[in-house]
Amino acid sequence: MFSLKELALKLGGYVHGDDSVRVNRLATLKGAKSGQLSFLANSKYLNDLKTTKASAVLLTKEALALCPTNAVVLDNPYLAFAKVALLFDRAPKAHSGIHPFATIARNAHIAKSASIAANVVIGENVTIAEHAIIGANCVILDNSSIGQNTEIKPNVTIYHGVHIGENCIIHANSVIGSDGFGNAKDNNGNWVKIPQIGGVTIGNNVEIGASTSIDRGAIDDTIIADGVKIDNQVQIAHNVVIGENTAIAGATGIAGSVTIGKNCLLGGQVGISGHLEVCDNVLLAAASNVSKSITEPGFYTAAFNARPHMEWKRTSARIFRLDKLESRVKMLEQKYNETE
Amino acid sequence: MFSLKELALKLGGYVHGDDSVRVNRLATLKGAKSGQLSFLANSKYLNDLKTTKASAVLLTKEALALCPTNAVVLDNPYLAFAKVALLFDRAPKAHSGIHPFATIARNAHIAKSASIAANVVIGENVTIAEHAIIGANCVILDNSSIGQNTEIKPNVTIYHGVHIGENCIIHANSVIGSDGFGNAKDNNGNWVKIPQIGGVTIGNNVEIGASTSIDRGAIDDTIIADGVKIDNQVQIAHNVVIGENTAIAGATGIAGSVTIGKNCLLGGQVGISGHLEVCDNVLLAAASNVSKSITEPGFYTAAFNARPHMEWKRTSARIFRLDKLESRVKMLEQKYNETE
Amino acid sequence: MFSLKELALKLGGYVHGDDSVRVNRLATLKGAKSGQLSFLANSKYLNDLKTTKASAVLLTKEALALCPTNAVVLDNPYLAFAKVALLFDRAPKAHSGIHPFATIARNAHIAKSASIAANVVIGENVTIAEHAIIGANCVILDNSSIGQNTEIKPNVTIYHGVHIGENCIIHANSVIGSDGFGNAKDNNGNWVKIPQIGGVTIGNNVEIGASTSIDRGAIDDTIIADGVKIDNQVQIAHNVVIGENTAIAGATGIAGSVTIGKNCLLGGQVGISGHLEVCDNVLLAAASNVSKSITEPGFYTAAFNARPHMEWKRTSARIFRLDKLESRVKMLEQKYNETE
């Protein structure tokens, strides 16, 4: 329960209206009831603002005129919302210590303030730093390390030789350090596995979504730089390098030895083919397929919006007889030139 | 082992041929041997019907003329097959009770008839209803609830504040309630995590495939309505709402705050961009990309069938010089108009 | 630490330069330091060869002229690299025996030399053959079998009735044998689950990536033949059959009852619709969508490379007014014919 006065102070804004009003929950503009706080960060929701029942709204000066209730006025309401949500978050907190059902190699180093939940299995020579939290049923194999304040959610598998920095979050059932997909054909046409002897190095302040997989390097490490945010169901192949603060949305696949720059935004279901480079500050729309390196910052796309099936079918047919249309135009041009 | 007479009675059909014949196994039309039962539900397999060695076939009146053996004649052979397969299913049955290697918070409520397998970890204030089955090595965090007769297969992670209804099946290694992908940029260009304080609400009779992930809501819950069927490797982002009886095939990705109506069918690898709406009764072909809301029921598509590489390359090149072709046509039109 | 003489002997090549030189690590051409061994298997990296600091390089006779250091000359440097990497691999080795925290049904058959890690759960009548390795927190349900020398990495779920051959590797958090996505509509428009009573049969020398899912068959088994290599995040639906030595890259989805031939290569994010056949020796480029059977070997494609957004938008608009362009050309043709 916070007063608007307190919130404005914490968030660096000012109150328009009654600063003694107290709020006890966050809510969307549409769903908010009396006693609750909401926010406007996307102009799509301006209509919801006009009719909101919230007792207060976080918004910019520009939106104030349309606000029917108290407001905390700020430069960046979305960022303010991030800070406020933390105040109202009821996620359970882990306790320090090692659960008796954890299985930990004798020469592993577990910091005193770390939390190791039930059925965690930790291999030889693993280091778990202070205030790190390892969720139930995680497995961390030999010679890996987890930095301070990093939280690993349940059922995650971390292979050997994986190094994860500080203040990271790895969501449930993700896999870090699985073998890259490397096979050579022998003289009989059979595949021979290429042992993947590199590791994975993950920087600080990285978040990795649920059911995401990041392969270890074939020789050198796969590298995820500081501040990278990766969503669920993402596949990152061996020897990929991802630059600082790049964010990658769900179900994206990045093939082996791709290098992605800093501050890129990849939409969902993006695919990047092997051995390519994507420079800094590239925005890839959802479902984009990248088969050539991108050397200029900018916004790139490669997907069609779904159409009624018959329209799509006709258009698709037209595309595949474009050669005929080109020939017809050429023929007309020739005839025209002849008659001229 | 069932006689055709018994089966016809159970399934609401009638026997054509010898109703005393007994069948002991289900088989495909092509693979069936004497003593086995098969079915015809797709006209693609009519040729297999003509040569089947099955002792009996479930089929419609229309297909009877082509059937070389006994038949159980029904309106909906596929539905009948669903019922019959249950009779022949040999999946292991779980036993009631809590395995001694389960770790359960003292204030969790586990119904007497529920089955909790080895190495399950259950958090504070979790409720597991009668006849629910929690597979080995699952983790269910604080304040979540699992309804009657719901089965959670092994290695599933259910975060805190997730509510799952009755008669659901959640397949192995899925994740329900992971954090949505929400980050705001601060003034230094660094990402600030937006705590995801909503939960997930799943209705009754929902099935969720293996390795699928469903994120918790940012503020309100992510909602999966009654009767929804979701396949493997699907990503459902925060605040998605999916209407009753909608079915979603594998490897599909649905971005944040998307609302999908009732009775929709989404093919595999479909992608839907954030904040869109898809109305009831929409059929999306496999690999469709949706970047605008769909407001009319119908069948939508957005993918090309793979072509021989050189044909694709030439066509692709033609597409990207369409501007030139348009100019050439325009030029011809002008010339024609001038000469006229 | 190996001398070049030893390596040449093991690999079936010859040394160019000083065969007494010893190498203690593998490295990329670019990253190699003195005392390290590198290799050239892709002409993309010829420039790196010219400036490498490696003490020796595995390469073909053709590349020798550009090599500034000692070389081991071979027909297939990539295959040689595969063999050498094994020599330098430091992955932890599992110990034989059953961990005391494993939960194993009384009538399961565990070979003496097998390794069963902590928190593994093994069901009734499961067979684990000699030298098989079951990683921590794996679950293997009733009536399944794991062949000799096969390794299952941590947190994998194997359902009942799954048979995996010899010398396979299944990476972490994968799921084998989950229910296929089969539902029939009843007369009220509600889904009725079709029990999936088939299993999964996996041959020898198969590798399956992390977070991949392979569904059990509806009636017959899903079949993965000898030598198949499957990457991470792949979805293989019920009753799929994959032929020998076919390799499937990450994030690919294969729908139900698809049959894929031998020696195919599927790029990342490929999608194949249900009930189709793909013949032997087909190469599918990344992101290809297959909606018709492929009956001729060859290289197939169906994806556009991402373009600057405005270019894509204009081209996309042109495509969807191709009908108008065709009409304009037709009109010109008619006018020309009239004037002629």
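The values are calculated or read from the model by the stated rules, or taken from the named source; none is laboratory data. Please read all numbers here as calculations on a predicted model, not as lab measurements. Positions of Cβ are backbone-derived with ideal geometry, glycine not excepted, and every protein chain shown enters the neighbour counts. Please note that ligands, DNA and RNA were not included when accessible areas were found on the heavy atoms of the full protein model with its side chains. Shrake-Rupley method; radii C 1.70, N 1.55, O 1.52, S 1.80 Å.
Take the residues of the range C:229-244 that are under 15 Å from the mean Cα position of the chain (by Cα) and assigned to a loop (DSSP other than H, G, I, E, B): which is farthest from the other protein chains (Cβ to nearest Cβ)? So, considering only residues that are under 15 Å from the mean Cα position of the chain (by Cα) and assigned to a loop (DSSP other than H, G, I, E, B), the one farthest from the other protein chains (Cβ to nearest Cβ) is C:Gly243. Within the range B:20-68, the residues that satisfy the criterion of being among the hydroxyl-bearing types (Ser, Thr, Tyr) and either modelled with pLDDT of 95 or more or over 15 Å from C:Asp220 (Cα atoms) (or both) are B:Ser20, B:Ser34, B:Ser38, B:Ser43, B:Tyr45, B:Thr51, B:Thr52, B:Ser55, B:Thr60. Of all the numbered requirements in (1) open to solvent by 10 Å² or more (accessible area, probe 1.4 Å); (2) touching a Lys or Arg at 6+ places or on another chain (Cβ under 7 Å); (3) at the interface with chain B (Cβ under 7 Å from one of its Cβ atoms), A:Leu322 misses one, and that requirement is (1). How many residues are within 18 Å of A:Val282 (Cβ to Cβ) and open to solvent by 30 Å² or more (accessible area, probe 1.4 Å) when one looks only at the range C:306-319? Qualifying residue count for the region: 6.
Can you find even one residue in the range B:155-173 that is within 13 Å of chain A (Cβ to nearest Cβ), surrounded by fewer than 22 Cβ atoms within 10 Å (Cβ to Cβ) and either at positive phi or not in a loop (DSSP other than H, G, I, E, B) (or both)? Checked the range B:155-173: no residue is within 13 Å of chain A (Cβ to nearest Cβ), surrounded by fewer than 22 Cβ atoms within 10 Å (Cβ to Cβ) and either at positive phi or not in a loop (DSSP other than H, G, I, E, B) (or both). When the range B:14-31 is filtered for residues that are crowded, with 19+ Cβ neighbours inside 10 Å, at the interface with chain C (Cβ under 9 Å from one of its Cβ atoms) and not in a strand (DSSP E or B), the ones remaining, listed by number, are B:Ala27, B:Thr28. I'd like to check something: does the range B:126-136 contain any residue that is outside any loop (DSSP other than H, G, I, E, B), open to solvent by 10 Å² or more (accessible area, probe 1.4 Å) and within 10 Å of chain A (Cβ to nearest Cβ)? No, the range B:126-136 contains no residue that is outside any loop (DSSP other than H, G, I, E, B), open to solvent by 10 Å² or more (accessible area, probe 1.4 Å) and within 10 Å of chain A (Cβ to nearest Cβ). Only one of the numbered conditions (1) more than 14 Å from chain B (Cβ to nearest Cβ); (2) of a type in the set (Lys, Arg); (3) in contact (Cβ under 8 Å) with a residue 24 or more places away in the chain is violated by A:Lys185, and that is (3).
Applying a threshold of 6 Å to beta carbon distances and a minimum spacing of six or more residues, or different chains, the list of pairs starting in the range B:312-340 at a residue that is farther than 19 Å from A:Phe320 by Cβ and ending at one that is not charged (D, E, K, R) and not in a helix (DSSP H, G or I) is empty.
If B:Lys313 meets every condition in (1) in contact with a strand residue (DSSP E or B) (Cβ under 8 Å, 6 or more places away or on another chain); (2) in a loop (DSSP other than H, G, I, E, B) apart from one, which number is that one? Going through the list (1) in contact with a strand residue (DSSP E or B) (Cβ under 8 Å, 6 or more places away or on another chain); (2) in a loop (DSSP other than H, G, I, E, B), B:Lys313 breaks only (2). Would the range B:251-262 turn up any residue that is open to solvent by 10 Å² or more (accessible area, probe 1.4 Å), at pLDDT 95 or above and within 12 Å of the chain's Cα centre (by Cα)? Taking every residue of the range B:251-262 in turn, at least one turns out to be open to solvent by 10 Å² or more (accessible area, probe 1.4 Å), at pLDDT 95 or above and within 12 Å of the chain's Cα centre (by Cα). Looking at the range B:40-80, which of its residues are of a type in the set (A, V, I, L, M, F, W, C), farther than 16 Å from C:Ile194 by Cβ, surrounded by fewer than 23 Cβ atoms within 10 Å (Cβ to Cβ) and touching a residue at least 40 places away in the same chain (Cβ under 8 Å)? Within the range B:40-80, B:Leu64, B:Cys67, B:Val73 qualify. Restricted to the range A:252-280, and to residues there that are among the β-branched types (Val, Ile, Thr) and under 24 Å from B:Ser273 (Cβ atoms), the residue that is farthest from the other protein chains (Cβ to nearest Cβ) is A:Ile260.
Of A:Ala82, A:Ala54, A:Ala65, all but one fail to be small (Gly, Ala, Ser) and in a loop (DSSP other than H, G, I, E, B); the exception is A:Ala54. Is it the case, given these coordinates, that A:Ala8 is in contact (Cβ under 8 Å) with a residue 60 or more places away in the chain, part of a helix (DSSP H, G or I) and either open to solvent by less than 70 Å² (accessible area, probe 1.4 Å) or farther than 17 Å from A:Ala85 by Cβ (or both)? The answer is yes for A:Ala8.
Considered as a group, the residues in the range C:85-115 that are more than 13 Å from chain B (Cβ to nearest Cβ) and assigned to a strand (DSSP E or B) include one that is nearest to A:Asp179 (Cα to Cα), and that residue is C:Ser115. Filtering A:Leu11, A:Leu26 for residues that are hydrophobic (A, V, I, L, M, F, W, C), in contact with a helix residue (DSSP H, G or I) (Cβ under 6 Å, 6 or more places away or on another chain) and under 18 Å from B:His238 (Cβ atoms) leaves a single hit, A:Leu26. With respect to B:Asn143, is the statement that it is of a type outside the set (Phe, Trp, Tyr), in a loop (DSSP other than H, G, I, E, B) and in contact with a strand residue (DSSP E or B) (Cβ under 7 Å, 6 or more places away or on another chain) true? Spelling it out, it is not the case that B:Asn143 is of a type outside the set (Phe, Trp, Tyr), in a loop (DSSP other than H, G, I, E, B) and in contact with a strand residue (DSSP E or B) (Cβ under 7 Å, 6 or more places away or on another chain).
Of all residues in the range B:267-285, those that are open to solvent by less than 10 Å² (accessible area, probe 1.4 Å) and among the hydrophobic types (A, V, I, L, M, F, W, C) total 5. Flag set for B:Val139, criterion: of a type in the set (A, V, I, L, M), open to solvent by less than 10 Å² (accessible area, probe 1.4 Å) and over 24 Å from C:Ile219 (Cα atoms).
Quick grid of which residues meet (1) farther than 14 Å from C:Ser288 by Cα; (2) touching a Ser or Thr at 6+ places or on another chain (Cβ under 6 Å); (3) at the interface with chain A (Cβ under 8 Å from one of its Cβ atoms):
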{"position": "B:Val282", "(1), (2), (3)": "yes, no, no"}
{"position": "B:Ala287", "(1), (2), (3)": "no, no, no"}
{"position": "B:Ile294", "(1), (2), (3)": "yes, no, yes"}
{"position": "B:Gly298", "(1), (2), (3)": "yes, no, yes"}
{"position": "B:Phe304", "(1), (2), (3)": "no, no, yes"}
{"position": "B:Arg318", "(1), (2), (3)": "yes, no, yes"}
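Every condition in (1) out of contact with any Ser or Thr (no Cβ under 8 Å at 6 or more places or on another chain); (2) at pLDDT 95 or above holds for A:Met331 except the one numbered (2). Of all the criteria given as (1) of a type outside the set (Gly, Ala, Ser); (2) open to solvent by less than 10 Å² (accessible area, probe 1.4 Å); (3) over 25 Å from C:His99 (Cβ atoms); (4) free of Cβ contacts under 8 Å to residues at least 24 places away in the same chain, the one not satisfied by B:Asn119 is (3). I'd like to know if the range A:216-228 contains one or more residues that are open to solvent by 10 Å² or more (accessible area, probe 1.4 Å), in contact with a Lys or Arg (Cβ under 6 Å, 6 or more places away or on another chain) and more than 14 Å from chain B (Cβ to nearest Cβ). Among the residues of the range A:216-228, not one is open to solvent by 10 Å² or more (accessible area, probe 1.4 Å), in contact with a Lys or Arg (Cβ under 6 Å, 6 or more places away or on another chain) and more than 14 Å from chain B (Cβ to nearest Cβ), which makes the answer no. From the set of residues in the range A:142-154 that are surrounded by fewer than 21 Cβ atoms within 10 Å (Cβ to Cβ) and within 14 Å of chain B (Cβ to nearest Cβ), which is farthest from A:Ile122 (Cα to Cα)? Across the range A:142-154, the extreme among qualifying residues is A:Asn149.
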